[in-house]
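Engineer: Input: one structure, supplied below.
The values are calculated or read from the model by the stated rules, or taken from the named source; none is laboratory data. From a predicted model like this one, the values you see are computed outputs, not experimental measurements. Here the Cβ positions follow ideal geometry from the backbone for every residue, glycine too, while neighbour counts run over all protein chains shown. Heavy atoms of the whole protein, side chains included, go into the accessibility calculation; ligands, DNA and RNA do not. Shrake-Rupley method; radii C 1.70, N 1.55, O 1.52, S 1.80 Å.
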Amino acid sequence: MSPEPSKLNVLMCGTGEYTTGWTGSGASKSDKKIGVVGLTLFDLRRRGKVDKLGMVGVNGKKFPAIRQHLEQNIGQVYKGLDLEFDEFPKNGNVDPEAYKEAIDKLSPGDAVIIFTPDSTHYKIAIYAIEKGLHVLVTKPATQLLSHHNELIAAAEKHKVVCFVEHHKRFDPVYSDAKARAQTLGEFNFFNAWMSQPKSQLETFRAWAGKDSDISYYLSSHHIDICCWILQDLAVPTRVVASAATGIATGDPYNCVPETEDTITLLVDWQSIKSPRHKGTAVYTASWTAPLKAGIHTGQHWYYMGEKGDINIDQAHRGYDVTVDEAGKAWYNPFYMKYSPSETGHFDGQHGYGYISIEKFIDAARSVNAGEIAAPEFDKHGLPTIRNTVLTTAILNAGRISLDEKRPVGIKKNGDQWILE
């Protein structure tokens, strides 16, 4: 038997809701109350896959509260988790460039997981890749298609793993639907809806409408699923966007004037094999959904092929709980299961939020051990930086369409996708 690959040192970039469950206004009120990334990595360390951990943000003053929150909500809840991590910036300093100091302390073959505002993904990812580090970046990987293409080239040059954290690919319902869609012939129509309640405008006020929009933030999920399903069937050719406004910019949210409430992208798809088959996709995302709908994220989509259709509602999975004070709520333990095991340990290893991170950790370790070359993962249907380029192309085209009030074309130039 070959020896076990060595444990991976990992730096978490971003200290917010998805990493720790801690937000600027205290513990998150969403379905990620104790985060996803930190908890997953603490458990992967317990399981012998991860060694040293670091965490970098902009404001070092947050760390005492974050450590207290993690100890109270993770350390005192689950057995056997070591919550130790190195923090940056140190000594309570505030430093938007702290990620550089943190990355500089790593060695080639270590890994960086990026959960920061959309506009910062590219600069952190490229800095890490050029240091020979494996990178997992949250979606959208970048806001510009040109930046995405640069990350593809850099990852190949430096022979590192670069995945995009499209965890929906590991949802058993979505992956099953993807396989079934392959039997339905040519693509005809796709319609996706994803929304979060208006309260998210408070969570994201620091960047909403300034650094990114709701289409980049939420539609990236379902656009990727559609691109994944259509990977060998069709390619996108044209994007037209439309937006609703007025809620985010009014009381009590008062986001910057350019903040959209709901964004819809209409995308034309062309069959790869059949010139006469064209398809249409509609992707809508909103962060002005009602507050007491019993769900954090509304998410459903419909796919129609030549020989049948698929309909999925991810928000209501036949599992709801009603409590006197709060009313009815629908839960999704398939994403992250936070209730401990019979032995008191963390028990969420089968959640697709966890699996998405573990797949990346396993990939980086196997490349470090010389078992596989990083480009091989492109062939496995995993969300590698190369396999996710059309998601960025569509999102970037949608933003240009809104800003310039025109349709935007997508085409392949040599082996690179470009916008027209």
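Engineer: How many nm separate the modelled label positions at A369 and V282, each set 7 Å beyond the Cα in the direction of the Cβ?
Structural biologist: So the two model labels end up 4.8 nm from each other.
Engineer: Determine the order of S339, S366 by accessible area, beginning with the largest, at a probe radius of 1.4 Å.
Structural biologist: Accessible-area ranking of S339, S366, largest first: S339, S366.
Engineer: Relative contact order for segment 109-255: what is it in percent, counting Cα pairs under 8 Å that are at least 6 residues apart? Before the final figure, lay out each step's value.
Structural biologist: On the way: 148 pairs, mean separation 33.6, N = 147.
Over segment 109-255, the number comes to 23 percent.
Engineer: How about K412: which aspartates and glutamates have a C-alpha closer than 16 Å to its C-alpha, ignoring those fewer than 8 places off in the same chain?
Structural biologist: E150, D232, D268, E420
Engineer: How large is the dipole of segment 217-301 about the Cα centre if only Lys and Arg carry +1 and Asp and Glu carry -1, each at its Cβ, rounded to the nearest 20 debye?
Structural biologist: Details: 5 positive and 7 negative charges, 90 e Å.
The calculation lands at about 440 debye.
Engineer: OK, next. What is the total of Lys pairs in segment 26-152 with C-alpha atoms under 18 Å apart, excluding same-chain pairs fewer than 8 positions apart?
Structural biologist: Taking the Cα cut-off of 18 Å, the pair count is 18.
Engineer: Does the chain come out rounded, prolate or oblate by the C-alpha gyration tensor, with a ≥ b ≥ c the root eigenvalues, rounded set by a/c under 1.5 and, if not, prolate when a/b is larger than b/c and oblate if not? Can you show the working numbers first?
Structural biologist: On the way: a/c = 1.40, a/b = 1.20, b/c = 1.17.
Because its axes are fairly even, with a/c under 1.5, the chain counts as rounded.
Engineer: Another question, then. Roughly how many nanometres apart are two label points built 7 Å out from the Cα toward the Cβ at K79 and V256?
Structural biologist: With each label point 7 Å from Cα toward Cβ, the separation is 5.0 nm.
Engineer: So which aspartates and glutamates can K292 reach, going by Cα to Cα under 13 Å and dropping same-chain residues fewer than 8 places off?
Structural biologist: Cross-link targets: E325.
Engineer: Less than 13 Å from a label point 7 Å out along the Cα-to-Cβ axis of K7: which backbone N atoms in segment 49-90 qualify, by residue?
Structural biologist: From segment 49-90, the list is 49-54, 81-85.
Engineer: I would also like to ask the following. What span do the alpha-carbon atoms of segment 235-374 cover on each of the three principal axes, reported in whole Å from largest to smallest?
Structural biologist: 55, 52, 37
Engineer: Let me ask something additional. Please list K33, K405 from largest to smallest accessible area, probe radius 1.4 Å, with all protein chains kept in place. Write down the numbers at each step before the final one.
Structural biologist: Working: K33 110, K405 170 Å².
From most exposed to least exposed: K405, K33.
Engineer: Quick one: divide the alpha-carbon radius of gyration of segment 27-94 by 2.2 N^0.38 Å and tell me what you get. Let's see the in-between values first.
Structural biologist: Details: Rg = 12.2 Å, N = 68, 2.2 N^0.38 = 10.9 Å.
Normalised by 2.2 N^0.38 Å, the Cα Rg of segment 27-94 equals 1.12.
Engineer: Using +1 at the C-beta of Lys and Arg and -1 at the C-beta of Asp and Glu, which of G318, M304, W287 has the Cα lying farthest in the positive direction of the dipole of segment 286-326?
Structural biologist: Comparing the listed Cα positions along the dipole, M304 ranks first.
Engineer: If the viscosity is 1.306 mPa s and the temperature 10 °C, what translational diffusion coefficient in µm²/s does Stokes-Einstein give for segment 211-310 when Rh comes from Kirkwood over Cα pairs?
Structural biologist: Estimated diffusion coefficient is 104 µm²/s.
Engineer: Looking at S212, W228, N188, which one has the Cα that reaches farthest to the positive end of the dipole of segment 188-235 (charges on Cβ: Lys, Arg +1; Asp, Glu -1)?
Structural biologist: Selected residue: S212.
Engineer: Determine the relative contact order of the chain: mean sequence separation of Cα pairs under 8 Å and six or more apart, normalised by residue count, in whole percent.
Structural biologist: 18 percent
Engineer: Place a point 7 Å from Cα of A244 in the direction of its Cβ. Which residues in segment 194-220 have their backbone N less than 19 Å from it?
Structural biologist: Inside the label zone: 194-202, 209, 213-220.
Engineer: Computing the accessible area with a 1.4 Å probe over protein heavy atoms, can you report the carbon and sulfur percentage for the chain?
Structural biologist: The computed percentage sits at 51.
Engineer: Given a 1.4 Å probe and the protein chains all in place, what does the accessible area of E306 round to, in Å² to the nearest 10?
Structural biologist: 100 Å²
Engineer: Then there is this: Using a 1.4 angstrom probe and counting only protein chains, how large is the accessible area of H316 in Å², to 10?
Structural biologist: 80 Å²
Engineer: Could you list the trypsin sites (Lys or Arg not before Pro) in segment 140-204 that lie in coil according to DSSP, counting only those with at most 16 other Cβ atoms within 10 Å of their Cβ?
Structural biologist: In loop regions of segment 140-204 (DSSP not H, G, I, E or B), the sparsely surrounded trypsin sites (Lys or Arg not before Pro) are K159.
Engineer: Here is a follow-up. Would you please state which residues of segment 264-279 a label at E420 would reach in this model, taking the label point 7 Å out along Cα→Cβ and a backbone N cut-off of under 15 Å?
Structural biologist: It comes to 268-270, nothing else.
Engineer: What lysines does K411 reach when the alpha-carbon gap must be under 19 Å and sequence neighbours fewer than 8 apart in one chain are set aside?
Structural biologist: Qualifying lysines at Cα under 19 Å: K273, K278.
Engineer: When a/c is below 1.5 the answer is rounded, else prolate if a/b is larger than b/c, else oblate, so apply that to segment 257-338 with a ≥ b ≥ c taken from the square roots of the Cα gyration tensor eigenvalues.
Structural biologist: oblate
Engineer: Excluding ligands, DNA and RNA, what is the solvent-accessible area per residue of the chain at a probe of 1.4 Å, expressed in Å²?
Structural biologist: On a per-residue basis, the chain sits at 43 Å².
Engineer: Counting Lys and Arg as +1 and Asp and Glu as -1, each charge on the Cβ, what is the dipole of the chain about the Cα centre in debye, to the nearest 20? If you can, show how the numbers build up before the last one.
Structural biologist: Values: 46 positive and 50 negative charges, 71 e Å.
Once rounded to the nearest 20, the dipole reads 340 debye.
Engineer: Determine the shape class of segment 67-195: with a ≥ b ≥ c the square roots of the Cα gyration tensor eigenvalues, call it rounded for a/c under 1.5, and otherwise prolate if a/b is greater than b/c, oblate otherwise. Walk me through the numbers before you get to the answer.
Structural biologist: Details: a/c = 2.19, a/b = 1.39, b/c = 1.58.
Oblate.
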